[in-house]
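The values are calculated or read from the model by the stated rules, or taken from the named source; none is laboratory data. Worth saying up front: this structure is predicted, and the values here are computed from it rather than measured. Note that each Cβ is placed from the backbone with ideal geometry, even for glycine, and that neighbours are counted across all protein chains shown.
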Amino acid sequence: MKIETKCLHSGYKPENGGPSQIPIVQSTTYRFDSCDHVADLFDKPVEYMYSRFANPTCDAVEKRIADLEGGVGCMLTSSGQAASLLSILNLCCAGDSFIASSSIYGGTINLFGFTLKKLGIECIWVDVNASYDEICAAIKPNTKCIFGETIANPALTVFDIEKWAKAAHDNFLPLIVDNTFATPILCRPFEWDADIVVHSTTKYMDGHAVQGGGAIVDSGKFDWETAYKKTGKFADMIEPDESYHGLCYKKEFGNAAYIIKARTQLMRDFGCYPAAQSAFYLNLGLETLAVRMERYCRNAEKVAAYFKKSDKIAWVSYPGLEGDKYHDLAKKYLPNGTCGVISIGIKGGRQAAMRFMDALKLASDEVHVADIRTCVLHPASATHRQLTDEQLVAAGIDGGMVRFSCGLENVDDIIADIDLGLAAI
Ligand SMILES: *Cc1c(COP(=O)(O)O)cnc(C)c1O
């Protein structure tokens with residue numbers, strides 16, 4: 001099936017006379033006829049037994065997302081933050097390190113740089129534009145994986161997946177990619193050799209500002225066995241799991257070892273799972289994802305070009321725009337479009353940016369992005385409020401920066417709204 005068809009048909013096939021839409025299975029638990037049956041499940045978890053492990057509604061949506069990304073398995077989480085956290089904890093423990101591209105979502109920077117540090121896991125930051133040699137040079141003996149973001153929120157840098165994957169694999173490490181802004185419609189990182197994908201489904205996948213969520217997808221392609229033999233790393237994938245009656249993930253589950261370990265160990269212990277109802281809402285977003293992504297991109301391309309022409313705008317950052325620093329990488333990895341989010345710098349700095357935003361009538365000022373409705377955010381006074389003007393410059397955010405997230409309105413109405421904002425500067 002092509003990707004548009006997968007959005008509607010992967011993961012769930014109604015039985016004869018069965019419901020067309022994925023049913024919401026609102027039950028925390030499942031009934032069995034014998035003690036032996038339940039006991040078997042505690043040795044090898046292959047059926048539904050408790051919601052924290054799996055639920056049929058979530059399962060159908062997980063299969064759909066796995067298929068969209070081209071992976072062997074997916075695990076939904078209660079938020080994007082939970083997905084990023086578990087993707088790392090499935091490989092690293094206290095005393096380990098991992099590498100992250102410096103250009104990633106602010107919430108992930110806090111998680112990696114501060115909270116994981118308190119747990120004894122070191123994040124080594126490497127510039128998003130680093131060369132192959134620079135990436136390899138940053139790897140330490142205790143480094144367990146590498147992490148980057150396809151299109152970074154809000155910097156809109158494009159991650160050179162193939163280069164980072166090669167650096168990772170030459171050192172027997174898996175590459176994890178946060179594919180939230182691109183979605184599998186615009187880029188499938190596994191086709192460029194990434195090993196694990198994470199999502200904040202809160203953004204385009206849900207798309208309607210209805211339900212927060214996250215997902216981890218396993219490509220099934222990383223060779224844990226060879227990496228273990230060569231480096232001694234990833235013993236957890238190969239050796240018996242003491243907390244699961246000696247279960248050996250690689251031996252029992254083959255190339256789905258990573259995602260099954262994430263579920264049976266980490267979801268079991270951390271419990272950050274979504275409700276069946278949440279997965280149902282997410283699926284409604286997935287069904288129209290391909291159609292929506294196309295329109296977000298077409299609207300954003302026109303809006304970015306419009307901003308570029310205005311003498312009140314100092315700079316426009318949009319990888320889909322000719323002349324953008326990341327345009328060549330975007331042509332390679334995102335040939336059908338680079339999402340609906342644009343970052344702009346208003347001349348006149350903070351005051352001018354706030355006047356621009358306050359004059360908008362259609363676009364709403366909200367702490368959200370990648371929504372069906374056009375929305376804007378002023379990072380300097382909101383998400384990055386605690387920083388001084390000097391610190392903002394260091395973080396690549398100037399006072400005049402506005403993050404403009406194009407929705408699915410008619411683009412003429414979005415541009416008419418922008419005119420109101422520009423006139424107010
Ligand atoms: C929003 C976001 C997250 C965090 O997701 P939540 O669902 O808000 O927890 C992670 N990565 C990216 C790229 C995001 O935009």
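Applying the selection to the range 52-80, what residues are of a type in the set (Ser, Thr, Tyr) and away from the ligand (no atom under 16 Å from the Cβ)?
Thr57
Answer yes if at least one residue in the range 52-74 is under 18 Å from Ala215 (Cα atoms), at pLDDT 95 or above and in a strand (DSSP E or B), and no otherwise.
Yes, some residue in the range 52-74 is under 18 Å from Ala215 (Cα atoms), at pLDDT 95 or above and in a strand (DSSP E or B).
Here is a check on your reading of the model: is Ala83 within 16 Å of the ligand (Cβ to nearest atom), under 23 Å from Tyr244 (Cα atoms) and part of a helix (DSSP H, G or I)?
yes
Taking the residues in the range 194-205 that are of a type outside the set (Val, Ile, Thr) and either part of a loop (DSSP other than H, G, I, E, B) or surrounded by fewer than 24 Cβ atoms within 10 Å (Cβ to Cβ) (or both) as candidates, determine which candidate is farthest from the ligand (Cβ to nearest atom).
Out of the qualifying residues, it is Asp195.
If a residue must be on the phi < 0 side of the Ramachandran plot and in contact with a Gly (Cβ under 8 Å, 6 or more places away or on another chain), how many such residues does the range 364-379 contain?
Residues that pass the stated criteria total 5.
Could you identify the single residue in Ile109, Ile99, Ile88, Ile3 that is out of contact with any Gly (no Cβ under 8 Å at 6 or more places or on another chain), within 30 Å of Thr383 (Cα to Cα) and away from the ligand (no atom under 16 Å from the Cβ)?
From the options Ile109, Ile99, Ile88, Ile3, the qualifying one is Ile99.
When the range 222-274 is examined, which residues are found to be among the hydroxyl-bearing types (Ser, Thr, Tyr) and in a loop (DSSP other than H, G, I, E, B)?
Answer for the range 222-274, where residues must be among the hydroxyl-bearing types (Ser, Thr, Tyr) and in a loop (DSSP other than H, G, I, E, B): just Tyr273.
For the range 245-254, does any single residue satisfy the condition of being at pLDDT 95 or above and within 18 Å of Cys93 (Cα to Cα)?
Yes.
Which numbered condition in (1) within 16 Å of the ligand (Cβ to nearest atom); (2) without any contact (Cβ under 8 Å) to a residue 24 or more places away in the chain is the only one that Lys251 fails?
(1)
Against the definition (touching an Asp or Glu at 6+ places or on another chain (Cβ under 9 Å) and either assigned to a helix (DSSP H, G or I) or over 26 Å from Thr143 (Cβ atoms) (or both)), how does His208 come out, yes or no?
Criteria met by His208.
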